[in-house]
Amino acid sequence: MPRWLKRTLWLSVFGVCAGAGAFVAAHTNPFPPGVEDPGARATTPAPTTPAPSNQRWNLVMDSATRHDLHVGGSCRSRWLTSGHVTILPDGTAEGEALAVLRGWGCDFPVAQVQTRRVTLLVTGRSSGGRVVLGFKRAGVAPTGSQDLGGFLATIRRLAPAIRFTDGHGGAVAAASRPDGDLGRFVDDGEIQLDCATGC
């Protein structure tokens, strides 16, 4: 047999053996069930801290307001405000509310149309288990009406500091200011917050 033919046969045999060994190795599990891989290490996932979430609070405020006139007599009104406040993870508070007139009257006849609904924007800041809120008028109805009892005149002066525990909080919401004509606007009320979600 010529030498070149022997060499070719041997190279073919080696090639077939190498291919068969590679095929068997690729399709065989060196660590069958019950045998632990000595090189494997259990990986522990890194602990994750859940991102802080927003807190949503329901707001209810009962306000008894009056306008004491220096010439004598007064106008009074009663308002019920309800809405919501969202406290963001950084402590910023924001929300909206609707104040609805429950009753009003003056000690004298009036021709003006009394405001009956007030839309409010609520802002504030929360820290240390309490939130301080502020209110700003966003709209009134009926259009062109006047609030004779002093609710609108005092709402921006309110800055109740509400302490809360176990998802509840309440505070006095009172304010007063001169009317610019020797009279005075007065607001005596109470505010309550109850947690809805995230607290």
* Quickly run through the stretch 130-163 and pick out the residues that are touching a residue at least 40 places away in the same chain (Cβ under 8 Å) and within 22 Å of the chain's Cα centre (by Cα). => VAL131, LEU133, ALA138
* To do: Mind listing just one residue for me: the one in the stretch 108-132 that is touching a strand residue (DSSP E or B) at 6+ places or on another chain (Cβ under 7 Å) and of a type in the set (S, T, N, Q) and, of those, surrounded by the most Cβ atoms within 10 Å (Cβ to Cβ)?
  => THR115
* To do: Answer yes if at least one residue in the stretch 113-133 is closer than 15 Å to ARG66 by Cβ, out of contact with any helix residue (DSSP H, G or I) (no Cβ under 9 Å at 6 or more places or on another chain) and either part of a strand (DSSP E or B) or not charged (D, E, K, R) (or both), and no otherwise.
  => yes
* Asked: Taking into account only those residues within the stretch 141-186 that are assigned to a strand (DSSP E or B) and among the β-branched types (Val, Ile, Thr), which is surrounded by the fewest Cβ atoms within 10 Å (Cβ to Cβ)?
  -> THR165
* Provide a single number: the residues in the stretch 59-91 that are among the aliphatic types (A, V, I, L, M), assigned to a strand (DSSP E or B) and touching a residue at least 40 places away in the same chain (Cβ under 8 Å). => 6
* Structure fact -> Per the filter on the stretch 67-86, residues at pLDDT 95 or above and among the hydrophobic types (A, V, I, L, M, F, W, C) are LEU69, CYS75, TRP79, LEU80, VAL85
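Looking only at the stretch 73-124, which residues are within 30 Å of PRO52 (Cβ to Cβ) and aliphatic (A, V, I, L, M)?
So the first thing to find is which residues in the stretch 73-124 are within 30 Å of PRO52 (Cβ to Cβ), and the list is 81-98, 119-124.
Those that are within 30 Å of PRO52 (Cβ to Cβ) and aliphatic (A, V, I, L, M): VAL85, ILE87, LEU88, ALA93, ALA97, LEU98, LEU120, LEU121, VAL122.
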* Would you check if there is a residue in the stretch 87-107 being farther than 30 Å from LEU148 by Cβ, exposed (fewer than 10 other Cβ atoms within 10 Å of the Cβ) and either among the charged types (D, E, K, R) or at pLDDT below 95 (or both)? => yes
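The values are calculated or read from the model by the stated rules, or taken from the named source; none is laboratory data. Keep in mind that what you see is a predicted model, and the values were worked out from it rather than measured. We place every Cβ from the backbone using ideal geometry, glycine too, and count neighbours over all the protein chains shown.
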